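Structure record follows, encoded as structure tokens.
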Amino acid sequence: MLEGIASCTSGWQGTHGEQKMDKLIIEGGRSLHGTVRISGAKNAALPLIAATLLAPGRHRLGNVPDLRDTRTFLRLMENLGVRHERQGDVLHIDSTDLRNTEAPYDLVKTMRASVLVLGPLLARMGRAKVSLPGGCAIGARPINFHITGLERLGVTCRLEHGYVDAEIDGRMRGCTIYFDIPTVTGTENLLMAAVMAEGTTVLKNAAREPEIANLIDMLTGMGARIEGRNTDRLTIHGVDRLEAADCDIIPDRIEAGTYLIAIAATGGEGTVTHCNPAHLPSLLEKLRASGLIVEEGESSISVRWPKDNGHALKSVDIKTMPFPGYPTDLQAQFMALMTLSSDVCVITETIFENRFMHVAELQRLGADIRIDGHSCVVNGRGMSGLSGAQVMATDLRASSSLVIAGLAASGRTEISRIYHLERGYENLVDKLTALGARVWKDRE
């Protein structure tokens, strides 16, 4: 029997009235060696879970990571009337009894991806009321592209009391929608909205991230007709109905990149498995440019240091861009690596305006970084340039950069507010320990 999962905690646990949070302790200065298996991609799992709203029946999703974000999203689905059951990394979702069309603030506020239920609820039920996700630590991520696109499809949208209240009489009508800038969640939401629209919808300047291709595979398996996979022009021919489907979540390219950078930062040698090298073209190029040897297999990537360079890391500039450019979700991690380089580099962030909050924490570890507008100038201090300190995580990817820096630093590093890490990294402590790190959780 399918059941809803238990409520997900917020990272706070009370003991005799006192609130406590986990912190991560790292004894740095140890090289990482070995093999680590990559989990399914959080950023692919969430839209695929949302897509099950489009068709009644029992859907099967494989390689689903067990993370704070996936658990939170399933709580939202449960609130809508969806039942689900997890067996290992397989998730069975039954959306037959979908009865509610409102995503309330107390669920949406914890995770911006909750807005992904907007498109499929409208497509199937003709109505959706979704709380605006509110602010975000790494900058504004408005949903105006979602709303404008839905209105082009014939949806009436009202913004009232912090909610998007949207409805349509009958079916949506196909049209052409142009994104001023590529937006991943906007592309995903409008894809799901348009699959059962009347006629043909064309999304121009659509995002091209691998997670979108994964969603297209899921929708196609459900009976959708979509052309242009892996391109910035998606053509959706609306169908009358969809059916339940099976689909596997792609490997998490950000998790894979994080471990590759961590291995490199500690002077180690290792391999990430169950991944897709084609999903990380820019990172692999930058790692090679920094002097590392990177070898790609069919579903694995290995990184190691040349034997003759004495762990001298070259400084490399990066500029975040939509896929296939350098991913913003690996910017903070690469900055941690560049603090160990031998010269000066410039890291430019073009996606999110506030995504340098990790800089102050890296400076506590001894990094020499100066913020200049949308760029950071990193003056590398060499492989022995960092020392352990107490630091605080501010968001998911910032926290992983602190882990990398702590692993490379001499002495002990304590990272507080690690609930951010638990949003996106499955079994982080176990995986790092298997690579030879000395890392564990403790109470603050």
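Under a Gaussian network description of the chain, with springs only between Cα atoms under 10 Å, the residue in D246, D368, D308 that fluctuates furthest is D308. Considering only P210, G154, H311, and ranking their Cα positions along the charge dipole of the chain that arises from unit charges at the beta-carbon of Lys, Arg, Asp and Glu, the one farthest toward the positive end is H311. Across all directions, the average projected area of the convex hull around the alpha carbons of the stretch 293-444 is 9.6 nm².
Between the labelled values (i) 89, 49, 42; (ii) 66, 53, 39; (iii) 67, 44, 41, the entry that holds Cα extents along the principal axes in Å as derived from this structure is (ii).
Which residue, A197, A289, A213, has the most motion in a Gaussian network model of the chain that connects Cα atoms within less than 10 Å? Looking only at A197, A289, A213, the largest GNM fluctuation is found for A289.
Charged side chains reduced to their Cβ positions (Lys and Arg at +1, Asp and Glu at -1) give the chain a dipole of some 340 debye around its Cα centre.
Restriction of the GluC sites (Glu not before Pro) in the stretch 231-314 to DSSP coil positions whose beta-carbon has at most 14 other beta-carbons within 10 angstrom yields E243, E298. Take every Cα-Cα pair in the stretch 42-248 and report what % of them are more than 33 Å apart. Above the 33 Å cut-off, the stretch 42-248 has 5 percent of its Cα pairs. Rounded to the nearest 5, the antiparallel percentage of DSSP beta bridges internal to the chain is 75%.
Throughout, read-outs are computed from the coordinates displayed, never taken from laboratory work. A quick note: this is a predicted structure, and the numbers were derived from the prediction, not measured. With ideal geometry, Cβ positions are generated from the backbone for all residues, glycine too; neighbour counts draw on all protein chains shown.
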